[in-house]
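Report on one structure; see the data block that follows.
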Amino acid sequence: MKGHFIRRKVKSGAVFSILGIILMLTTLAIIYFWETSGREKFLYTEVVVLNQSVEAGTVIEPGMLDLVKVNPDNLIEGAVVDKDKVTGRYSAHYIPKYSQLALAYFKDESIGTIKEDQYIFTIPTDWIITFPSSLRRGDTIYFYPVKIASEKGEEGRPINSLSSTKVIKERKLVKSEVAYLKDSGNREVVNTVGEDRYDASANISSIEIITSYEDMSYLENLAGSSWKFILLYKANPN
């Protein structure tokens, strides 16, 4: 009777040992699965990325896009999750390979068609008195000429300010289209969220326009005669 009890005790201990080993192996397998693919499969978000770097004005084709899993903590605001949202659109600025994408990085159209007698021209910053910070690529801008009059202050120093300007109204308003807006790092300035102009990706440092040689020469002659410009704009309806 005693021997039978001992044998049963040994069998029970062996069973629990086997169950313990199975439980341990199962736990290890679960941990391995979770760390290698489970976490990504169940917690990560699938987003669209470019499988190559692109320059500004590049039309996005389906073969240029991939889907990758990203930790939710690393998601950018407005990350694109559907390839169709960006297919056929134009990149608004340089986009590095495998960067997360947002709709603000793209435009529905490239810059307007440049005619044979037109050129891309960067407006010198010292020509400009002021311009709207909400200016964006594709907008139509007007150069409002302002004559800067040098005056003497109380201590004999010259004063150049908007309050001491003379505007000659008969001067024509040169009309042009914005080709590119660049920040100090030579990256294009775009809206950060959709088509909302309230927030820009950076401050505008330089403005490039589509203009004719005639208009460019006219602006240059004015600038060389102590004229500066206030830039006005009309938003592109697209």
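The values are calculated or read from the model by the stated rules, or taken from the named source; none is laboratory data. Remember, predicted model here, so these are calculated numbers, not experimental data. Cβ placement follows ideal geometry from the backbone for every residue including glycine, while neighbour counts extend to all protein chains displayed. All accessible areas refer to the heavy atoms of the entire protein, side chains included, with ligands and DNA or RNA removed. Shrake-Rupley method; radii C 1.70, N 1.55, O 1.52, S 1.80 Å.
Being closer than 30 Å to Ser99 by Cβ, open to solvent by less than 50 Å² (accessible area, probe 1.4 Å) and modelled with pLDDT under 80 is a property that Ala56 has.
One residue is enough: does the stretch 143-157 have a residue meeting the conditions in contact with a strand residue (DSSP E or B) (Cβ under 7 Å, 6 or more places away or on another chain), under 30 Å from Val49 (Cβ atoms), among the aliphatic types (A, V, I, L, M) and at pLDDT 75 or above?
no
Filtering the stretch 59-73 to residues that are out of contact with any Ser or Thr (no Cβ under 9 Å at 6 or more places or on another chain) and either hydrophobic (A, V, I, L, M, F, W, C) or within 23 Å of His93 (Cα to Cα) (or both) leaves Gly63, Asp66, Leu67, Val68.
When the stretch 178-202 is filtered for residues that are open to solvent by 30 Å² or more (accessible area, probe 1.4 Å) and either at pLDDT 90 or above or among the β-branched types (Val, Ile, Thr) (or both), the ones remaining, listed by number, are Thr192, Val193.
Condition check for Asp66 on (1) within 30 Å of Phe229 (Cβ to Cβ); (2) of a type in the set (Asp, Glu); (3) modelled with pLDDT of 90 or more: one failure, at (1). Taking the criterion of being open to solvent by 80 Å² or more (accessible area, probe 1.4 Å) and touching a residue at least 12 places away in the same chain (Cβ under 8 Å), the residues of the stretch 75-104 that qualify are Glu77, Val81, Lys85, Tyr94, Lys97, Tyr98. Only one of the numbered conditions (1) at pLDDT below 75; (2) open to solvent by less than 90 Å² (accessible area, probe 1.4 Å); (3) polar (S, T, N, Q) is not met by Gln118, and that is (1).
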